[in-house]
Amino acid sequence: MPRRIAVISVHTSPLAQPGTGDAGGMNVYVLETSKELARRGIAVDIFTRATSSSDPHLVEAAPGVTVRNVVAGPFEGLGKSDLPSQMCPFTAAVLREEAANEPGHFDLIHSHYWLSGQVGWLARDRWRVPLVHTAHTLAAVKNAALADGDAPEPWSRQAGEQQLVDVSDRLVGNTIEESRQLQRYYGARPGKIDIAAPGADLVRYTPGPAGAARDRLGIDRGEKVVAFVGRIQPLKAPDVLLRAAAAVLAGDRSMPVRVLIVGGASGSGQHGYDLVALARELGIEDRVTFLPPQPPAELAEVYRAADVVAVPSYSESFGLVALEAQACGTPVIAADVGGLGVAVADGVTGALVPGHGVAEWSAALSRLLADDGSRARLAAAAPRHAAGFSWSHTADALIDCYQRALLEHGGPGISPRRAGAPAERVLRRKRNRGRIVISGS
């Protein structure tokens, strides 16, 4: 078992509010898995870039979880695409942090997103510890399913991802589909990939009274509410939902449909991507309510207030919003892309829509909103499906991955040179009540 790991999340802090800027599901993933690992006795240091002069150098996010805000470049005005220019100062700061401790301070590095992987690669070689990498999103996959008006990911990113697939000790995918994508687009070896499906906070996200939630949000109890939660960008495709809702209302203007958009502007393709103007152009501005990104407690109320939560993304490695909504007892209508086919049980807890055409989405949306009985059955099954995904399960899978990486590397605190070559030292791996026993010769 690792004693202490370095988690690297360069471009977005796990303490940032998801749903705006570059903050999203990855933030939630990093923080929640770190907390679960700490509960199992693994200390976690998370390195992220400071974005404000008021950011303290150290923040205890939870017992055993320390967030280290690294100063690298100007605090403001740098987008994600500008960050490669700051990898040198960021990496230098991370190496200095480790150098202030005794050798062997970290047993393992887990990097998130390709920018972090570049830092982890250098730190891995310096510290002689394994590097585990989670991509979260892949340039080749995003570019293969680009939304209209969205900017493609640069070739430099895909080249950087290829390097990380080649040099990382282990790769973590959210789903089997992501594992296939790593193999198809980047030539990853199947035996190098571990699957650790994301989870949801099943204590915070639970079913609750829809009426009370609507009262708190100022939404009419008699309306049929379709909610979108996420960053406002072409990739996440909230415009698909607005166009589908407009088509539903064109067929029956009397249907009391309310579209609830919760999130903030983010990412590429923002020029001309104005949902307020689009709602006005479609003639449904009176049926659309916009809310800023919500903290977790208020977000649970959004899910409970909705009859349906829509996730129309063009690319999604998993889709935490879909899982959180189902945990709250709300059916999900989602694009059949990436990990959404795992997050949503088609026909059981919601509906998967092939493609992003207005006709397909409006038909699926109309069916869900019109059939109260069917929607109630989906809602009843949703929390049961979500119960199969928890951050505890994710942490279990990550620990298995870390143990494999350490066994292949020689164990915690043991460099490959001291461990000896595989021919000189035979590692036999046994499971004994969740522990790993190493037998050597």
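The values are calculated or read from the model by the stated rules, or taken from the named source; none is laboratory data. Being a predicted model, the structure only gives us computed values, none of them experimental. Cβ sites come from the backbone with ideal geometry, for glycine too, and all protein chains shown count toward neighbours.
Specify the residue that is surrounded by the fewest Cβ atoms within 10 Å (Cβ to Cβ); the eligible residues are those in region 91-121 that are part of a helix (DSSP H, G or I) and touching a His at 6+ places or on another chain (Cβ under 8 Å).
Going through region 91-121, the residues part of a helix (DSSP H, G or I) turn out to be 91-99, 114-121.
From the residues that got through so far, the ones that are touching a His at 6+ places or on another chain (Cβ under 8 Å) too are 98, 115-117, 120.
Details: Glu98: 20, Leu115: 23, Ser116: 30, Gly117: 28, Gly120: 30.
Per the criteria, the residue is Glu98.
Being among the β-branched types (Val, Ile, Thr) and assigned to a loop (DSSP other than H, G, I, E, B) is the filter here; which residues of region 202-230 pass it?
Val203, Thr206, Ile219
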Seminar exercise, completed: Arg40 vs (1) touching a strand residue (DSSP E or B) at 6+ places or on another chain (Cβ under 9 Å); (2) modelled with pLDDT of 95 or more: all pass except (1)
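Determine, yes or no, whether Ala297 is among the small types (Gly, Ala, Ser), touching a residue at least 12 places away in the same chain (Cβ under 8 Å), farther than 23 Å from Asp201 by Cβ and not in a loop (DSSP other than H, G, I, E, B). Steps first, please.
Values: among the small types (Gly, Ala, Ser): yes; touching a residue at least 12 places away in the same chain (Cβ under 8 Å): yes; farther than 23 Å from Asp201 by Cβ: no; not in a loop (DSSP other than H, G, I, E, B): yes.
No; evaluated as a whole, the condition is false for this residue.
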For this session: Would you check if Leu131 is at pLDDT 95 or above and crowded, with 21+ Cβ neighbours inside 10 Å?
Result: yes
Seminar exercise, completed: Of the residues in region 295-332, those that are under 16 Å from Ile219 (Cα atoms) and within 17 Å of the chain's Cα centre (by Cα) come to Leu299
Problem set entry | Filter result (surrounded by 21 or more Cβ atoms within 10 Å (Cβ to Cβ) and either in contact with a Leu (Cβ under 8 Å, 6 or more places away or on another chain) or at positive phi (or both)) within region 29-45 | Tyr29, Leu31, Thr33, Leu37, Val44
Seminar exercise, completed: Tyr273 meets each of (1) farther than 22 Å from Asp372 by Cβ; (2) modelled with pLDDT under 95; (3) more than 18 Å from the chain's Cα centre (by Cα); (4) exposed (fewer than 15 other Cβ atoms within 10 Å of the Cβ) with one exception, condition (4)
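Quick one: how many residues across region 173-187 are more than 23 Å from Ala395 (Cβ to Cβ) and not basic (Lys, Arg)? Give the steps one after another, and end with the answer.
From region 173-187, those more than 23 Å from Ala395 (Cβ to Cβ) are 180-181, 183-187; that's our starting set.
Going one step further and asking which of them are not basic (Lys, Arg), we end up with 181, 183, 185-187.
Number satisfying all stated conditions: 5.
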Problem set entry | Selection from region 173-221 of residues that are basic (Lys, Arg) and within 22 Å of the chain's Cα centre (by Cα) | Arg180, Arg184, Lys192, Arg204
Exercise. How about region 315-361: which of its residues are more than 21 Å from Gly25 (Cα to Cα) and surrounded by fewer than 20 Cβ atoms within 10 Å (Cβ to Cβ)?
Worked result: Asp346, Gly347, Val348, Pro354, Gly355, Gly357, Val358, Ala359, Glu360
Seminar exercise, completed: Exactly one of Gly264, Gly230 is crowded, with 21+ Cβ neighbours inside 10 Å and within 25 Å of Cys328 (Cα to Cα), and that residue is Gly230
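Just to be sure before I move on: is Ala244 more than 18 Å from the chain's Cα centre (by Cα) and buried (at least 22 other Cβ atoms within 10 Å of the Cβ) in the structure I sent? Write out each step before concluding.
Numbers: more than 18 Å from the chain's Cα centre (by Cα): yes; buried (at least 22 other Cβ atoms within 10 Å of the Cβ): yes.
Criteria met by Ala244.
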Problem set entry | Where Ala305 falls short, out of the listed (1) closer than 15 Å to Ile261 by Cβ; (2) aliphatic (A, V, I, L, M); (3) surrounded by fewer than 20 Cβ atoms within 10 Å (Cβ to Cβ) | (3)
Seminar exercise, completed: Filtering region 60-82 down to residues that are surrounded by 15 or more Cβ atoms within 10 Å (Cβ to Cβ), under 23 Å from the mean Cα position of the chain (by Cα) and either among the acidic types (Asp, Glu) or within 22 Å of Arg126 (Cα to Cα) (or both) yields Thr66, Val67, Arg68, Asn69, Val70
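Looking at region 364-375, can you tell me whether even one residue there is within 27 Å of Met26 (Cα to Cα), basic (Lys, Arg) and modelled with pLDDT of 95 or more?
The initial filter retains those residues of region 364-375 that are within 27 Å of Met26 (Cα to Cα), namely none.
No, region 364-375 contains no residue that is within 27 Å of Met26 (Cα to Cα), basic (Lys, Arg) and modelled with pLDDT of 95 or more.
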